[in-house]
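The values are calculated or read from the model by the stated rules, or taken from the named source; none is laboratory data. In this text, all values refer to a predicted model and were calculated from it rather than measured experimentally. Please note: Cβ atoms are built from the backbone with ideal geometry, for glycine as well, and neighbour counts cover all protein chains shown. Side chains are part of the model used for accessible areas, which takes the heavy atoms of the whole protein and leaves out ligands, DNA and RNA. Shrake-Rupley method; radii C 1.70, N 1.55, O 1.52, S 1.80 Å.
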Amino acid sequence: MRNRLVLTALFTAAVGALAACDPATGGSAAKTPSAAPASSTAPSAPATPTASASPDGKVAADVRATVPDFAGMGLQAAQDKAQDIGFYGLTSHDSLGRDRLQAFDRNWKVCGQSVKAGTSASTGTTLDFGSVKLDETCPDKEQAAPTAAGGTMPDFRGRSVKAARAALDSGTSITVNDASAEDRWVLMESNWKVCAQNPAAGTALKGQPVTFTAVKFGENCT
């Protein structure tokens, strides 16, 4: 009987010791504190203000600036100045109507501009610069690119072969021959001018082939 009481006492003591070590029983063992939940009433960081935009994505605010006189400036310098003021919609074209690309802006100078100098304009306005190469003279009047208006053959004489090609339907078969006796290949068509054409100016265009004879600019048609 006494041995049974002793065993019962030892068993009870062992169970009590285990309970003291088990956190789940609410014993005195240290618990790792969990992070306190963020308060739902804590103030949030202020939102960064943004400009309101119109449905087409453009900023609604109308920022305006005075357009300078760019005439005589190098094309690259003119573009840099326009951007410094806030104009980023910039384009350029050949003032001589030869349809040349301004691949290296530093080799071109400004003859005219699409927005008159001194005008107050929105900085979203596109500025178009008419230009020629540095060693060329600006024309008294810009030469507009030819067009095949009314479906008739324009008079392309004196115009660049490239501009003539651009004026015709893209499906037109075009042959270009050197007007000189050298039989040169016409590679860069913006450097060649039309001396003669077939069909003649005023002929109705019905998809017929077109032939040009041409020489380089600076040469005389023979």
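Tabulated data for the structure shown
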quantity	calculated
Count of residues meeting criterion [part of a helix (DSSP H, G or I), open to solvent by 20 Å² or more (accessible area, probe 1.4 Å) and within 30 Å of GLY158 (Cα to Cα)] in region 63-102	1
LYS116 vs. criteria part of a loop (DSSP other than H, G, I, E, B), open to solvent by 40 Å² or more (accessible area, probe 1.4 Å) and among the basic types (Lys, Arg)	yes
Residue in region 147-164 that is of a type in the set (D, E, K, R) and more than 30 Å from VAL115 (Cβ to Cβ) present	yes
Criterion: part of a loop (DSSP other than H, G, I, E, B), over 29 Å from the mean Cα position of the chain (by Cα) and not hydrophobic (A, V, I, L, M, F, W, C) - qualifying residue of THR211, THR172, THR147, THR125	THR172
Hits in region 159-180 - residues which are open to solvent by 40 Å² or more (accessible area, probe 1.4 Å) and without any contact (Cβ under 8 Å) to a residue 24 or more places away in the chain	SER170
Among (1) surrounded by 15 or more Cβ atoms within 10 Å (Cβ to Cβ); (2) over 21 Å from the mean Cα position of the chain (by Cα), the one test that ASP135 misses	(1)
Members of region 103-113 that are open to solvent by 60 Å² or more (accessible area, probe 1.4 Å) and in a helix (DSSP H, G or I)	ARG106, ASN107
Tally of residues being over 11 Å from GLN197 (Cβ atoms) and surrounded by 12 or more Cβ atoms within 10 Å (Cβ to Cβ) across region 147-157	2
Residues of region 120-132 satisfying the condition of being open to solvent by 50 Å² or more (accessible area, probe 1.4 Å) and hydroxyl-bearing (Ser, Thr, Tyr)	SER120, THR126
Residue pairs meeting the criteria (Cβ under 7 Å; at least 6 apart or on separate chains; first modelled with pLDDT of 95 or more, in region 183-194; second open to solvent by 100 Å² or more (accessible area, probe 1.4 Å))	VAL194/ARG157
Output for region 181-208, where each listed residue is among the small types (Gly, Ala, Ser) and either surrounded by 14 or more Cβ atoms within 10 Å (Cβ to Cβ) or in a loop (DSSP other than H, G, I, E, B) (or both)	ALA181, SER190, ALA196, ALA200, ALA201, GLY202, GLY207
